[in-house]
1. Limited to region 439-448, what total is found for residues that are more than 8 Å from the ligand (Cβ to nearest atom) and assigned to a loop (DSSP other than H, G, I, E, B)?
2. Looking at (1) surrounded by 15 or more Cβ atoms within 10 Å (Cβ to Cβ); (2) part of a loop (DSSP other than H, G, I, E, B); (3) not charged (D, E, K, R), which is the only condition Val436 fails?
3. One residue is enough: does region 470-486 have a residue meeting the conditions outside any helix (DSSP H, G or I) and touching a strand residue (DSSP E or B) at 6+ places or on another chain (Cβ under 7 Å)?
4. Answer yes or no: is there a residue in region 69-77 that is in contact with a Ser or Thr (Cβ under 6 Å, 6 or more places away or on another chain), of a type outside the set (Phe, Trp, Tyr) and surrounded by 14 or more Cβ atoms within 10 Å (Cβ to Cβ).
5. Confirm whether Leu274 is aliphatic (A, V, I, L, M), loosely packed, with under 15 Cβ neighbours inside 10 Å and either closer than 29 Å to Ala468 by Cα or modelled with pLDDT under 95 (or both).
6. Going by the structure shown, is Ile427 away from the ligand (no atom under 16 Å from the Cβ) and modelled with pLDDT of 95 or more?
7. Please find, among Leu326, Leu287, the residue that is farther than 24 Å from Arg461 by Cβ and either modelled with pLDDT of 90 or more or part of a helix (DSSP H, G or I) (or both).
8. Quick check: anything in region 459-477 buried (at least 17 other Cβ atoms within 10 Å of the Cβ), in contact (Cβ under 8 Å) with a residue 40 or more places away in the chain, more than 8 Å from the ligand (Cβ to nearest atom) and of a type outside the set (S, T, N, Q)?
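The values are calculated or read from the model by the stated rules, or taken from the named source; none is laboratory data. Since we're looking at a predicted model, the values are computed, not measured. Here the Cβ positions follow ideal geometry from the backbone for every residue, glycine too, while neighbour counts run over all protein chains shown.
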Amino acid sequence: MHEPNIKRILLVEDEIAHAELIRRSFETEADRFHLTIAYTLRDAEGWLERETFDLVFTDFLLPDGNGIDLIRTVKGEPLYPVIMLTSHGNEQIAVETLKAGAVDYVVKSDQTFREMPSIARRTLREWDHILSRRRAEAELRESEQRFRIMLEFASEGILLIDQDYRVLMVNRYVEQVSGYSRDQLLGKPLSKLLPEVERIGELYPGDDLLQETPIHRSRRAIELEAMHIDQTRFPVELSLTPMTIGGERLLMCFLFDITERKQLEEQRLYTQALELELSKERELIELRDRFTSMISHEFRAPLSIIASSVQMIINYHDRLSKENVLERLQGITVQVHEMVALLNDVLEVSRNNVQQPDFKPAPLDIVAFCRKHLENVLLIDEQRHDFTFHADGQWIIMADPRLLEHIFVNLLTNAMKYSPEDTTITITLSESDGYVRIQVKDEGIGIPAEDQPHLFKAFYRARNAAQAHGTGLGLAIVRRNVELHGGSISFESVEGKGSTFTVSLPMPG
Ligand code: ADP
């Protein structure tokens, strides 16, 4: 075993006198160097096989060969430092040995023999530098290689382009998705692959992409079309990172084929459209069912009254008094009027699907308006309910009186229709956030929770509404009228407890 800080030197010298001189020069350095002497090439090779030396001094000409044979290289790099000892005037040989991988040569003389230890020291120092540089280079090569592999096999396309949008580098992904080989793209304009290349500007609108280092920026992406070698186009997502490499401003482009994603998206949109169509169809079927059920209820009753009155007149006209006949005829007229009104409502709703009704807003004192129409409703109610009216202000709004009347009267008649006698119906007018609110509150049958989401649909009637006549059209028309005014309608209701309908209408500017 040798101490690690003692360097091992192999001296190969067939001239015993020279070897002796060199050995002596190292004597004083025994704490730093350990010298082994070989006199022939074979001898030296034997030593090198068995042991490791930090430095080899070898004579060029040996009895059984040439000192050059002791130089060992791997990929052109010497494994250990060899210093060739040459005779004076043999510089040509010296150059050859350097080419073969010797680190230095020494022309033999008494002086150089004496200087051997310092030559050894210097050479070992230099060798250390060489080794650490080699290590650093190897590490760099390795990390470069790792980086290359990473780029090459990345699961997205990576391209390096210069300021003129010329392709400097592409990875395998780009080759795979575009069908182009690397050689077909390198040095070519990026537009070959991305015909809409000018859209890159969208990634950094308003500033010069190449002048700024966007470390602080999040990676933005745009979708655009890429061109396959077979001239078909396919969608890609593209993002960029400007960078400086070797003093040159370059752009690193990241590209991802989104064909599949697009297809899925299209599929989803298609399914959505289908679902919408289906739900529309279902809605129509429901509407038709509600319409049929409404017609069979609401038209059958007046028609049978009309039919029976007519039959009565036909059968008994000679026995009926004139007043009696007149009374029947008046009854028929009332029923006909009701049916006409009903038909008008149906028409209004169905027309609404095609065209908007006339909307003629005019300044209107909303409190006075509601009071006036409440009076009319009171006449119809014949004191079956208690009405209270609150208005803590006076407001002029822009409204169409015909449409507003429908809104107000409909809410009041519903409150009456769906509330038992002697309950209270409260009308409150107030203002907040630029809207006038008309609230109609009753203590009636309320609306079952499961019917509430559908209440504004045409012909829709809650399951507890059968006790009163109705078409399910009123609220649909009310909502449309409210919306024409730029307002909104909502309600709160608990079955068996009562309902509150609130209409909000905007105040002028
Ligand atoms: P209808 O002619 O049936 O009254 P509307 O469109 O005015 O039609 O109302 C739709 C449904 O809403 C009614 O059938 C009823 O079930 C429910 N509804 C409306 N207003 C009230 C109310 N104040 N109380 C309870 N239910 C109501």
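1. Residues meeting the conditions: 2.
2. The one condition Val436 does not meet is (2).
3. Quick first cut of region 470-486, residues outside any helix (DSSP H, G or I) only: 470-473, 485-486.
The next check asks that each one be touching a strand residue (DSSP E or B) at 6+ places or on another chain (Cβ under 7 Å); those that pass are 485-486.
Within region 470-486, one or more residues are outside any helix (DSSP H, G or I) and touching a strand residue (DSSP E or B) at 6+ places or on another chain (Cβ under 7 Å).
4. Taking region 69-77 first, the residues in contact with a Ser or Thr (Cβ under 6 Å, 6 or more places away or on another chain) are 70.
When the remaining residues are screened for being of a type outside the set (Phe, Trp, Tyr), the result is 70.
Cutting the leftovers down to surrounded by 14 or more Cβ atoms within 10 Å (Cβ to Cβ) gives us 70.
Yes, region 69-77 contains at least one residue that is in contact with a Ser or Thr (Cβ under 6 Å, 6 or more places away or on another chain), of a type outside the set (Phe, Trp, Tyr) and surrounded by 14 or more Cβ atoms within 10 Å (Cβ to Cβ).
5. When the stated conditions are applied, Leu274 passes them.
6. Details: away from the ligand (no atom under 16 Å from the Cβ): no; modelled with pLDDT of 95 or more: yes.
Spelling it out, it is not the case that Ile427 is away from the ligand (no atom under 16 Å from the Cβ) and modelled with pLDDT of 95 or more.
7. Values: Leu287 fails: farther than 24 Å from Arg461 by Cβ.
From the options Leu326, Leu287, the qualifying one is Leu326.
8. In the first step, residues of region 459-477 are kept if they are buried (at least 17 other Cβ atoms within 10 Å of the Cβ); the result is 459-462, 465, 470-477.
Among the residues that remain, those that are also in contact (Cβ under 8 Å) with a residue 40 or more places away in the chain are: 459-461, 465, 470-477.
Then drop every residue that is not more than 8 Å from the ligand (Cβ to nearest atom), which leaves 459.
Adding the requirement that they be of a type outside the set (S, T, N, Q) leaves 459.
So far as region 459-477 goes, yes, one or more of its residues are buried (at least 17 other Cβ atoms within 10 Å of the Cβ), in contact (Cβ under 8 Å) with a residue 40 or more places away in the chain, more than 8 Å from the ligand (Cβ to nearest atom) and of a type outside the set (S, T, N, Q).
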